[in-house]
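To keep things clear, I will list the structure first and then write my remarks on it.
The values are calculated or read from the model by the stated rules, or taken from the named source; none is laboratory data. Since the structure is predicted, the reported quantities are computational estimates derived from the model, not experimental observations. Heads up, the Cβs are rebuilt from the backbone with ideal geometry, glycines too, and the neighbour counts pull from every protein chain shown.
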Amino acid sequence: PPLNQILNLRDIEKVARDVLTYKALAYYASAADDETTHNENAHAFSRFFFHPRVLRRISQVDPSTTILGINSSIPIFISATGLAKLGHPLGEANLARGAGRTSIIQMLSTYASLSASQVAAARLSPSQPLFFQLYKPRDHALAAERIREVEALGYRAIVLTVDAPVAGNRERDVRAPFELEAQEREAAGGQGGEMPRQPERVDEDLEEQINLNGTVGSSLSNADLDMTFTETIPWLRSVTKLPIMLKGIQCVADAVLAAEAGVDGILLSNHGGRQLEYSLPPIEVLYKIRQQRPDVFDKLEVYIDGGVCRGTDVLKALCLGAKAVGMGRPFLYAQSAYGEAGVVHAVRILQREIVLGMRLLGATSVSELVPEMVERVDWQPL
Ligand code: FNR
């Protein structure tokens, strides 16, 4: 369908599910175990309802914000995801150009299918901001070298992922190659033709990366399984002057430790449900921090990602104290289905939904989104 028939992010996902190869979809959509946390990430937003304010002047609405001090046209950024080329030949370059055209920030994954310099070169201009997501190898010198490399390329923040010292159990991903073979055997059997031995291949490079990515830590033998708040964070601070964000904080106690460690931001995230099954949805963790330790919001910037689909999801998070929210799969789907134009369209949809929601809530800027505007209900919504 043409982009003007794509009304929301669910529409984009539907198109992507049709165009993606079996294997790419398995990699993008997979989550840990029975995918409970993955499903609950999205569902959890439905427990939060608004207290809209009326009779406020709302002709002028500004949805922009800053993320680690950098301007963003809407309170959304592209979370780090591996292997965008599985979905579209231009991969992460689509994300970079789409982000540039809409003035949002892209966080590049350690496991991107384009190099950090290729993505930097794909930007609309050298001033377009990029963040770098780091999986820290055990070797400090190697990690420091990587950081210096992305600093030199103009990346503006280091996002250290802390929820994936080892890979979660993603069975969809493991099963994909076998199921593909079985389907093809069946198809070939029906026609009596020769059984296609080699199903459609992604290039060797990518295959290797999938295997690496599927087993972060266990076979990726250089992953640092011994990171700590008291050693790793001071080390990282000594290596870079860039702002530091910890990605994958999943409880109140660790949010407090992150604040004490002096990082600039935390991204409450369970890796889109791909790591520990039954880790709480990030919107619930955010709510708990708001209730139990609101002082954390004064010490660092708080972000969430996982299951965000609608402008209202974003507004709920902002009311509870998040500065912005990240989105992973929705941008992978957008660039897979429509390339750069899909990324731009997705941001435009979100922008429209956010501005509409702000008007109906009675807020003209993100600073007017306050905790009193949301309530967590204990009944089960339909
Ligand atoms: C991820 N995620 C991720 N995170 C990270 O720090 N480094 C990485 O390389 C990846 N790779 C990756 C690949 C794929 C296919 C997915 C779906 C996710 C996690 C990602 O940054 C983010 O936390 C989640 O995607 C957020 O959930 P939603 O928006 O996908 O629901």
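From Leu320, Leu300, Leu315, which residue is surrounded by fewer than 24 Cβ atoms within 10 Å (Cβ to Cβ) and more than 10 Å from the ligand (Cβ to nearest atom)?
Answer to the selection: Leu300.
Counting just the residues of region 75-90 that are more than 12 Å from the ligand (Cβ to nearest atom) and crowded, with 24+ Cβ neighbours inside 10 Å, which one comes out farthest from Leu246 (Cα to Cα)? Among those residues, the one meeting the criterion is His88. Scanning region 23-82 for residues that are among the charged types (D, E, K, R), closer than 20 Å to Gln351 by Cα and out of contact with any strand residue (DSSP E or B) (no Cβ under 9 Å at 6 or more places or on another chain) turns up just one, Arg57. On the basis of being in contact (Cβ under 8 Å) with a residue 24 or more places away in the chain and either assigned to a strand (DSSP E or B) or within 16 Å of the ligand (Cβ to nearest atom) (or both), does Gly357 make the cut? No. Ala93: surrounded by 21 or more Cβ atoms within 10 Å (Cβ to Cβ) and more than 16 Å from the ligand (Cβ to nearest atom), yes or no? It is true that Ala93 is surrounded by 21 or more Cβ atoms within 10 Å (Cβ to Cβ) and more than 16 Å from the ligand (Cβ to nearest atom).
Apart from one condition, Gly154 fits all of (1) assigned to a helix (DSSP H, G or I); (2) among the small types (Gly, Ala, Ser); (3) more than 21 Å from Tyr28 (Cα to Cα); the exception is (1).
Against the test of being surrounded by fewer than 18 Cβ atoms within 10 Å (Cβ to Cβ), polar (S, T, N, Q) and without any contact (Cβ under 8 Å) to a residue 12 or more places away in the chain, the options Ser127, Ser117 yield a single qualifying residue, Ser127.
Among residues of region 239-260 that are surrounded by fewer than 24 Cβ atoms within 10 Å (Cβ to Cβ), those with a Cβ under 6 angstrom from a residue that is of a type in the set (S, T, N, Q), sequence gap 6+ or separate chain, pair up as Gly248/Thr161; Gly248/Ser269; Gln250/Asn270; Gln250/Ser279; Val252/Gln292. Filtered by the rule that a residue be among the charged types (D, E, K, R) and away from the ligand (no atom under 16 Å from the Cβ), region 324-345 gives a lone residue, Glu340. For the residues Ile12, Ile58, Ile70, the requirement of being closer than 23 Å to Ala317 by Cα and either within 16 Å of the ligand (Cβ to nearest atom) or small (Gly, Ala, Ser) (or both) singles out Ile12. Contact map, region 25-50: residues that are modelled with pLDDT of 95 or more paired with residues that are of a type in the set (S, T, N, Q) and within 8 Å of the ligand (Cβ to nearest atom), Cβ distance under 6 Å, separation 6+ or inter-chain. Pairs shown: Thr37/Asn270.
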